[in-house]
Amino acid sequence: MDRRKSLKALALGTLSAGVLLEACNDGDADKKAAEDKARAGAAPASTIDRMKEEEAHYKAVTAETFFTPQEMATITILGDIIIPKDEVSGSASEAKVPEFIEFIVKDMPEHQIPMRGGLRWLDMQCLKRYEKAFKDCDQKQQMEIVDEIAWPAKAKPEMAQGVAFFNLIRNLTATGFYTSEMGVKDIGYAGNKPNKWNGVPDDVLKQYNLAYTEKELKECVSYDNKA
């Protein structure tokens with residue numbers, strides 16, 4: 001199965017539908033939150049043309065920090081498992097997907113409880129099995145538990161909460177990645193480009209005994225000559 005192709009389809013399906021789309025706190029959480037808030041306050045004003053209400057909402061959302069450093073570390077690991085770096089493009093974290101998810105849960109608060117609850121569930125599962133949080137497990141241990149929740153049709157009933165959480169973070173990761181500059185290039189989307197038309201070719205005009213006037217040549221055709 002080509003995971004990137006599947007995620008591209010997922011992201012495009014999500015976008016077409018119009019949906020862009022407290023685990024264990026450590027001692028540095030408050031300090032990190034204060035640093036993030038200070039950075040947000042010092043950030044330059046957005047260069048995007050927004051209405052005053054939109055600008056105020058953006059500043060309010062970015063002035064807050066929702067996830068703890070440990071939660072962000074877990075989100076970063078999961079994002080890079082879902083979309084790793086390959087020969088086509090960088091990883092989810094390189095496309096700043098964790099920052100996107102941090103923004104989305106503040107902009108769309110309905111995601112906060114499912115995300116925080118899922119991260120807690122993941123850490124509790126790892127504590128029971130490996131006696132350490134997910135972010136502190138080795139890669140083999142992380143993949144063991146991810147494999148149990150990443151495939152809904154194969155997952156055991158007792159893993160339903162983990163499956164629901166992984167579905168959510170996979171959707172957010174795919175949306176964040178494929179709406180980033182890196183993700184758009186990965187898809188190969190060229191966007192709208194201006195057309196160039198140099199008028200009807202001379203041989204065709206001669207075939208019908210027609211010709212452009214000097215005024216038409218100057219004002220309407222020969223696009224390349226105007227460059």
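The values are calculated or read from the model by the stated rules, or taken from the named source; none is laboratory data. The structure presented is a predicted model; accordingly, all values stated were derived computationally and were not measured. Note: ideal-geometry Cβ built from the backbone for every residue, glycine included; neighbour counts use all protein chains shown. Accessible surface is based on the protein model in full, side chains and every heavy atom, while ligands, DNA and RNA are left aside. Shrake-Rupley method; radii C 1.70, N 1.55, O 1.52, S 1.80 Å.
Dipole size of the range 118-222 about its Cα centre, with +1 on Lys/Arg Cβ and -1 on Asp/Glu Cβ: approximately 260 debye, rounded to the nearest 20. Residues 175, 76 ordered from highest to lowest accessible area at a 1.4 Å probe: 76, 175.
Can you find, among 179, 119, 75, the residue farthest towards the positive end of the dipole of the range 57-187? Put +1 on the C-beta of Lys and Arg, -1 on that of Asp and Glu. Toward the positive end, the furthest listed residue is 119.
Taking all protein chains together and a 1.4 Å probe, the residues 197, 151 rank 197, 151 from largest to smallest accessible area. Across the range 93-106, computed HN-Hα scalar couplings (Karplus, 6.51 cos²θ - 1.76 cosθ + 1.60, θ = phi - 60°) run 5, 5, 8, 6, 5, x, 5, 4, 5, 4, 5, 4, 5, 7 Hz from first to last residue, x flagging Gly and Pro. Pairs from the list 96/135; 128/156; 140/185; 85/185; 154/185 with a Cα-Cα gap above 23 Å: 140/185; 154/185.
Using only side-chain charges placed at the Cβ, +1 for Lys and Arg and -1 for Asp and Glu, the dipole size of the range 57-187 relative to its Cα centre rounds to 280 debye.
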